[in-house]
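Structure, as structure tokens:
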Amino acid sequence: MNLKLPVVVAPSILASDFGHLADEALRAVDAGADRLHLDVMDGHFVRNLTMGPAAVAAINRATDVYLDVHLMIYSPFDYIERFVEAGADSITIHFEATENISETLDYIRKCNVKAGLAFCPETSVEFIPKYLHQCDLILLMTVDPGFGGQQFISEVLDKIEFTRHLCNTLHLEGLDIQVDGGINQETAALAYEAGANVFVAGTYLFSDNQMAEKIARMKSLAGKRSRD
Ligand code: DX5
Ligand code: ZN
């Protein structure tokens, strides 16, 4: 597999100190974050509640960095405009959360925002091909969505390989494959080897004061794929 895409690191704000959201966003940017990953949960699609458009807008005011909004909510179509207005650069919806996948992906792109589609670990790869042409990013969840600090599910590695292979076959080499959940140096290396190029990490990056070193090490994965 010959991956020409750069390694992109997106710290997940979910693991930051919510009492200092703007400062935490700046800390991640200063440490070399390419994007900030913002987890939006509705208490229904997943059993947790996090942030809404107001928090996204506050982070957008604090920094110019690319904001990667991950919607873990039902009926995402109804909320796209509000997250666009809040400053999202990409919006990822869940395959499992709506019947209107194509319509919602199209609408996100119509708003001049990158469109992403996320798949839970249990969801079969057979549903991925249909939507690839409508996506700028495919998010292959490496934990069950809802909470930070969980263990990486290694069975997803096959799904990453399948998706990257499919992208190459369909000449969609520029499509981002993102992994999210349980990402650290070791699991990032495994996911990179399988074909992922965008790494979301919360607990691993925010847990100490080594964020810059950790991001630099993750980025050094680029060019290290053994099968290149
Ligand atoms: C989980 C969220 C993740 C979460 C990852 O549903 O989508 O973005 O913040 O957290 P860690 O890196 O701690 O597994
Ligand atoms: Zn996420």
Query raised in the report: How high is the relative contact order of segment 76-228, in percent, with contacts defined as C-alpha pairs under 8 Å that are six or more residues apart?
Result: 17
Query raised in the report: Pairs Lys110/Lys219; Lys110/Lys214; Lys159/Lys219; Lys110/Lys224: which are spaced more than 26 Å apart, C-alpha to C-alpha?
Result: Lys110/Lys219; Lys110/Lys214; Lys110/Lys224
Query raised in the report: Ordered by packing density, taken as the mean number of other Cβ atoms within 10 Å over each peptide's residues, highest first, how do 200-206, 122-128 rank?
Result: 200-206, 122-128
Query - segment 163-206 versus segment 1-46: alpha-carbon centroid distance in Å - result: 14
Query raised in the report: Among 167-176, 79-88, how do they line up from the highest to the lowest mean number of other beta-carbon atoms within 10 Å?
Result: 79-88, 167-176
**Report entry** Three principal axis lengths of segment 165-228 [C-alpha, angstrom, descending]
**Finding:** 41, 20, 16
Requested in this report: With a probe of 1.4 Å, find how much accessible area segment 8-227 has per residue, and write the answer as a whole number in Å².
Outcome: 43
Report task. Give the relative contact order (percent, whole number) for segment 1-150; include only Cα pairs under 8 Å separated by 6+ residues. Result -> 18
Query raised in the report: What Kirkwood hydrodynamic radius do you get for segment 8-227 when you take the inverse of the mean 1/r over all pairs of distinct Cα atoms, in Å?
Result: 17.1
Query raised in the report: Size of the dipole of the chain about the Cα centre, Lys and Arg at +1 and Asp and Glu at -1 on the beta carbon, nothing else charged, in debye to 20?
Result: 520
Query - Rounded accessible area of Ser102 (nearest 10 Å², 1.4 Å probe) - result: 50
Report task. Leaving ligands, DNA and RNA out of it, work out the accessible area of Arg27 with a 1.4 Å probe and give it in Å² to the nearest 10. Result -> 70
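The values are calculated or read from the model by the stated rules, or taken from the named source; none is laboratory data. Model, not experiment: these values are computed from the prediction. Note that we place each Cβ from the backbone using ideal geometry, even for glycine, and neighbour counts take in every protein chain shown. The area values use the complete protein model at the heavy-atom level, side chains included, leaving out ligands, DNA and RNA. Shrake-Rupley method; radii C 1.70, N 1.55, O 1.52, S 1.80 Å.
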